[in-house]
1. Pick out, from the stretch B:304-375, the helices (runs of 4 or more DSSP H) lying fully within it that include 1 or more residues that are closer than 28 Å to B:GLU260 by Cα and outside the structural domain of B:ILE114 (by TED's automatic domain parsing).
2. Scan the stretch A:65-96 residue by residue and report those that are β-branched (Val, Ile, Thr) and over 21 Å from A:ASN121 (Cα atoms).
3. Can you tell me which residue in the stretch A:18-61 is nearest to A:ALA76 (Cα to Cα), limited to those that are touching a Gly at 6+ places or on another chain (Cβ under 6 Å) and hydrophobic (A, V, I, L, M, F, W, C)?
4. Mind checking which residues of the stretch B:154-189 are more than 28 Å from B:HIS248 (Cα to Cα) and assigned to a loop (DSSP other than H, G, I, E, B)?
5. On the given criteria, is A:GLU158 buried (at least 23 other Cβ atoms within 10 Å of the Cβ), away from chain B (no Cβ under 14 Å) and under 25 Å from A:THR252 (Cβ atoms)?
6. Collect the residues in the stretch A:117-142 that are touching a residue at least 40 places away in the same chain (Cβ under 8 Å) and on the phi > 0 side of the Ramachandran plot, keeping them in residue-number order.
7. Pull up the stretch B:353-369, narrow it to residues that are among the β-branched types (Val, Ile, Thr) and more than 23 Å from the chain's Cα centre (by Cα), then point me to the one that is nearest to B:LYS175 (Cα to Cα).
8. Working only within the stretch C:1-55, note down all residues that are small (Gly, Ala, Ser), closer than 21 Å to A:VAL173 by Cβ and more than 8 Å from every other protein chain (Cβ to nearest Cβ).
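The values are calculated or read from the model by the stated rules, or taken from the named source; none is laboratory data. Since the structure is predicted, the reported quantities are computational estimates derived from the model, not experimental observations. Using ideal geometry, Cβ is built from the backbone for each residue, glycine included, and neighbour counts are taken over all protein chains shown.
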Amino acid sequence: MNKYEKYIRYQTFPTPWCPGCGDGVVLKAIAMAFSDLDLDPNDIIVIAGIGCSGRMPTFFNTNTLHTTHGRALTFATGVKLARPEKMVVVISGDGDAMAIGGNHLIHAARRNIGIKMILINNGVYGMTGGQVSPLTPQKFITETTPYGNIEPKFHPAELMIAARATFVARETVNRTVQLKEVIKKSLQHNGFSVVEAISNCHINLGRKNKMKNPVNMTKWIASRTVTKEQYEKLAPEDRAHKYPVGILQEDTARYEYSELYHKHIIPAAKEAAKKEAAARNNKK
Amino acid sequence: MSKRKVFQGNIIVAKAAIAAGCNFFAGYPITPSSEIAQHLSREFPKMGRDFIQMEDEISALGACIGASLSGKKVLTATSGPGFSLMQEHLGLAVMTEIPLVIVNVMRGGPSTGIPTKPSQADMMQARWGTHGDHPIIVLYPAFADEIFSETVRAFNLSEKFWNPVILLLDEVIAKAHEDIELPAKKDINIYKEKVNVIKDLNIYDRNIGENPPRVDFFKGYPIHIDGLEHDSHGYPTSDPAIADKMQHLRMQKIYHYQDEIIKFKEYYMDDAEMMIFSFGVSARSALSAVKIAREEGIKVGLFQALTIWPFPKKALQERFKKIKKVLTVEMNMGQMKYEVERVSPDDVKKDTLLRANGIPFTPQEIVNSIKEFSK
Amino acid sequence: MDREEKQINEAALETRKKKQHSKKENVIELVSQYCKGCGLCVDSCPTGTLLLEDNIESKFGISVTVDAPEYCIGCKMCERRCPDFAIFINHEKDKDGK
């Protein structure tokens with residue numbers, strides 16, 4: 001057994017994902033990142049919402065939690081505040097992160113709570129059959145946009161940078177070594193971190209848009225992938241369809257939320273309690 | 001010097017939670033329950049306990065569930081609109097068998113309703129609000145000392161039965177400032193048994209009527225908790241035999257022990273020929289009404305339900321053997337009256353006093369109804 | 001095998017023509033019960049070692065086969081790209097042989 005297989009729950013295999021689904025690649029990259037960092041599986045919790053990405057916790061041999069649609073970050077907030085020393089990982093898909101869960105995403109970033117989020121962006125709601133998502137490229141055909149999608153998509157990484165998340169990175173399922181490295185760095189980051197993993201849903205999105213084979217769809221993703229440096233050099237009109245990859249924002253100066261609570265709020269409250277007790281004694 | 005001090009109902013809830021060992025609160029402000037959050041935001045950090053104000057009620061209950069699974073004793077407090085938002089996660093907590101206490105201070109509804117006035121209109125929602133078949137325990141105190149004791153009992157029941165417990169209050173008892181002697185620490189009974197070591201990963205495996213042998217996260221066992229229907233390991237399944245078994249296990253976990261969970265108080269019932277069935281603020285007016293009516297010679301008694309769900313069916317049916325008139329008094333357009341009708345035999349006459357406009361019943365109004373009904 | 005899957009095989013064979021036998025021997029382990037025949041490993045192999053083949057035993061009627069093991073350079077690109085833990089290169093064995 002390779003070291004990274006220690007983090008895999010084989011009793012629940014085979015995975016329910018379509019042949020070639022990027023979810024499996026992300027699963028492996030995360031397991032390899034855990035393994036590289038030599039983490040104790042009992043100190044890790046993996047939390048997800050609903051969707052194909054939401055099935056991922058079942059396959060990790062760590063503490064795992066499968067919650068409601070869009071709210072994984074809220075459960076993770078409770079866990080992190082209750083057990084700040086543990087590694088809390090949240091896995092989200094399009095809808096979980098950017099539709100129903102959008103609000104919780106910006107609040108987690110605002111709080112800078114030490115949750116490590118992996119956002120699997122495959123441009124569609126795969127589990128429910130292929131409806132449009134806030135991350136579907138314009139003009140694409142989906143189950144609920146049969147005449148083409150007129151809504152522009154979110155750019156999750158850029159959105160997170162604007163929300164001042166302290167670690168934002170993007171990678172794709174083609175670049176597996178870099179994906180693992182970026183996940184590793186995000187796990188080590190002290191604060192809220194988001195890794196956007198561009199993935200392929202060839203069965204429910206690609207098939208309606210001339211990319212029904214995983215190899216073809218991942219090649220399409222590769223054709224749109226540019227490094228951060230290359231992206232800077234592009235003219236604005238060429239940037240629209242490109243995915244700049246790499247670590248896009250890294251801020252180590254801000255305090256992490258649970259750290260701030262334990263190092264500032266609790267001592268301040270205990271001081272206040274002492275003063276109140278002293279005042280009560282003086283009155284007597 | 002008397003040990004009685006004046007506290008607001010909401011504050012009594014907060015103090016009882018602290019006494020019961022609650023150590024995590026996640027909530028969202030809403031009239032008329034915000035004082036609970038405010039009090040705990042001051043007191044919890046002093047004790048090294050956790051407090052967080054989340055961005056909405058949905059995330060508040062989410063954070064509570066995450067913390068409960070990580071070993072904390074959790075509380076959240078809300079009112080009607082927030083309680084409606086919490087229903088999805090309430091279902092998740094029932095499905096995954098997680099202890100937690102939700103306080104719902106009922107106010108005028110539906111929708112935004114009348115935020116600063118009371119109602120008792122969430123009684124059925126507390127039982128059926130979340131989708132799917134689910135067992136639930138709902139408690140509802142009326143007097144100040146009951147607010148304290150029922151809050152502690154809510155925590156004990158939720159820990160003992162691995163299920164969410166809803167603690168109902170109404171805007172009157174939550175906001176009223178009353179004198180109460182808080183019980184001494186040694187007199188407060190806190191349920192202590194908690195699973196810390198498990199034999200194997202079959203965390204939901206047990207016989208009908210038993211609790212699941214489940215540990216919390218981070219105890220050294222890689223457990224999986226899932227909102228999907230699951231087998232004894234917690235892994236998702238749609239197998240019909242397993243689904244059937246799990247449904248029965250979850251329901252019977254509560255209903256097998258309903259005699260232990262059901263609690264009520266009776267006043268002037270020994271020789272009563274008429275019974276008032278009520279709870280919360282209405283029960284308080286009803287008690288005064290019963291005293292007045294008794295002085296005028298009417299043989300009426302009060303049955304005050306402290307446990308609303310499971311419904312005290314057996315207790316009522318016992319009393320219906322001798323008492324043949326029941327008057328349900330509730331501040332809504334008719335909710336618990338249907339339960340009273342359901343459990344009462346045909347020879348019992350049923351009447352109701354209902355109102356949902358934000359004004360509690362005065363004792364005299366109830367006396368008038370008693371007199372009408374006794375003719 | 002459909003047209004696109006045949007194209008993946010053709011591309012792998014083309015790649016192999018430009019390569020030579022590997023200097024080191026590498027052990028390629030297939031876990032057939034997990035292989036869904038997606039072809040990502042075939043496409044990601046830089047030396048064209050792997051091919052897709054029709055296989056009635058496989059869940060989707062198609063699975064990977066090690067067509068030319070002597071070309072494998074042990075880069076593990078296939079292992080990293082496989083979503084199903086169905087292929088391992090030089091798989092480490094525990095003391096009890098797992």
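1. Helices (runs of 4 or more DSSP H) meeting the threshold: B:313-319, B:336-343.
2. A:THR77, A:VAL79
3. Only one residue fits best here, namely A:ALA48.
4. Answer for the stretch B:154-189, where residues must be more than 28 Å from B:HIS248 (Cα to Cα) and assigned to a loop (DSSP other than H, G, I, E, B): B:ALA176, B:GLU181, B:LEU182, B:PRO183, B:ALA184, B:ILE188, B:ASN189.
5. So A:GLU158 does not fit the description; no.
6. A:GLY123, A:GLY129, A:GLY130
7. Among residues in the stretch B:353-369 that are among the β-branched types (Val, Ile, Thr) and more than 23 Å from the chain's Cα centre (by Cα), the one nearest to B:LYS175 (Cα to Cα) is B:THR362.
8. Selection gives C:ALA11, C:ALA12, C:SER44.
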